[in-house]
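**Q** Shown below is the structure under consideration.
Bear in mind these aren't lab numbers, they're just calculated from the coordinates by the rules spelled out. This structure is a prediction, so every number in the text was calculated from the model and none was measured. Cβ placement follows ideal geometry from the backbone for every residue including glycine, while neighbour counts extend to all protein chains displayed.
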Amino acid sequence: QPLLQLSGLRVDIAGRNVLKSVSLDIDAGALVVLMGANGSGKSTLGLTLAGHPRYRVTGGEARLGGQDLLAMNVEERARAGLFLSFQAPPDIPGVKNNLFIRSAVNAVREARGEAPLDAFDFLGDARAAATRLGLPEAMLGRPVNDGFSGGERKRNELLQLALLQPRLAILDEIDSGMDVDGLRATVDLVQSLRAKGTAFLIVSHYLNLIESLAPDAVLRLEQGCIAEHGDIELAREIARSGFVRVSEPAVA
Ligand code: ADP
Ligand code: MG
Ligand code: MG
């Protein structure tokens, strides 16, 4: 049984239909790259699966490990092992980063029947992960994303990913704003989590990153539908020729 099973997923935002009929399976430990022109619905898919209330599912099914995702609220989805890194990670004023991440980690541990981490144990793990990600330790003690640069926000998303060890991680343009060291750290983290069974759905247009990730499949979303299902060759073709290539009429 695939870890993630989407069939005929249809989503409206503000009364407008954005995802038409998205069907997709992802196995445990598999890595799928999702590409598509601006506005094709990539972020909508991630936010819908994470349970954002603005995205209204009007048809189809979404299952994670056989459980009905659509029947769960945001917290229940996270406890079931779903993680979304935002395209634009928000500030959370007044909430310290380390407390925020520890409470998320402990909610997931509780759902798995594991004992919660105390502040001391958590801080040890968090410091080690922050170091691997090139994130200054001081950022653990600041409010979430408060004054963080674009690249630091993305690294902070990766810190959460590293500590949560979800069953399915959706990374929405994790590469935007990140420098070469950040990209290398991203690849290392993704591969180490994959080896432990985490599955990935990764939105990216950056061919170097996609090549390094060695995806099992590459999908192209077009106006809310999966228009192409391919492999790394599809990513190379999109990088070469862009998204318009298929819809361009032949020159008379
Ligand atoms: P992508 O991530 O592929 O660039 P999005 O999923 O962000 O695309 O957006 C898909 C479509 O939904 C776009 O046409 C966008 O304008 C629209 N959309 C996204 N969020 C909202 C919103 N909050 N209100 C209205 N329309 C939205
Ligand atoms: Mg976009
Ligand atoms: Mg987007």
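**Q** Straight-line reach from Lys20: which lysines have Cα under 23 Å away, leaving out those fewer than 8 places along the same chain?
**A** Here the lysines satisfying the reach criterion relative to Lys20 are Lys42.
**Q** Ok, one more. Once every Cα of the chain carries one equal point scatterer and solvent is ignored, give the base-10 log of I(q)/I(0) from the Debye formula at q = 0.14 Å⁻¹, two decimals.
**A** Relative scattering, expressed as log10 I(q)/I(0), comes to -0.95.
**Q** Normalised by the residues of the range 4-241, what does the relative contact order come to in percent, with Cα pairs under 8 Å and at least six apart?
**A** 28
**Q** Then there is this: Just grab the label-to-label distance for Gln191 and Asp146, each label 7 Å out from Cα along the Cβ direction, in nm (one decimal).
**A** 3.7
**Q** On to the next question. Relative to the first principal axis of the alpha-carbon coordinates of the chain, what is the inclination of helix 150-164, with its axis defined by its Cα atoms, in degrees from 0 to 90 and to the nearest 10?
**A** 70
**Q** Take every DSSP beta bridge with both residues inside the range 4-241 and express the antiparallel ones as a percent of the total, to the nearest 5.
**A** 55
**Q** Using the Cα centre of the chain as origin and beta-carbon charges of +1 (Lys, Arg) and -1 (Asp, Glu), tell me which of Leu64, Gln1, Pro136 is placed farthest towards the positive end of the dipole.
**A** The residue sitting farthest along the positive end of the dipole is Leu64.
**Q** Still on this model: Give the lysines reachable from Lys96 as a straight Cα distance under 26 Å; neighbours fewer than 8 places away on the same chain don't count.
**A** Lys154
**Q** Another one. Given +1 on the Cβ of Lys and Arg, -1 on the Cβ of Asp and Glu, and no further charges, what dipole in debye does the chain carry about its Cα centre, rounded to the nearest 20?
**A** Value, rounded to 20: 360 debye.
**Q** Say the dipole of the chain comes from +1 at the beta carbon of Lys and Arg and -1 at that of Asp and Glu; which of Ser212, Gly94, Thr198 then lies farthest toward its positive end?
**A** It is Gly94.
**Q** Additional query: Using the Karplus curve 6.51 cos²θ - 1.76 cosθ + 1.60 with θ = phi - 60°, what ³J(HN,Hα) values do you get for each residue of the range 224-229, in whole Hz, with x for Gly and Pro?
**A** x, 10, 7, 8, 9, 10
**Q** How far, in degrees from 0 to 90, does helix 119-133 lean away from the longest principal axis of the Cα atoms of the chain, to the nearest 10?
**A** Value to nearest ten degrees: 50.
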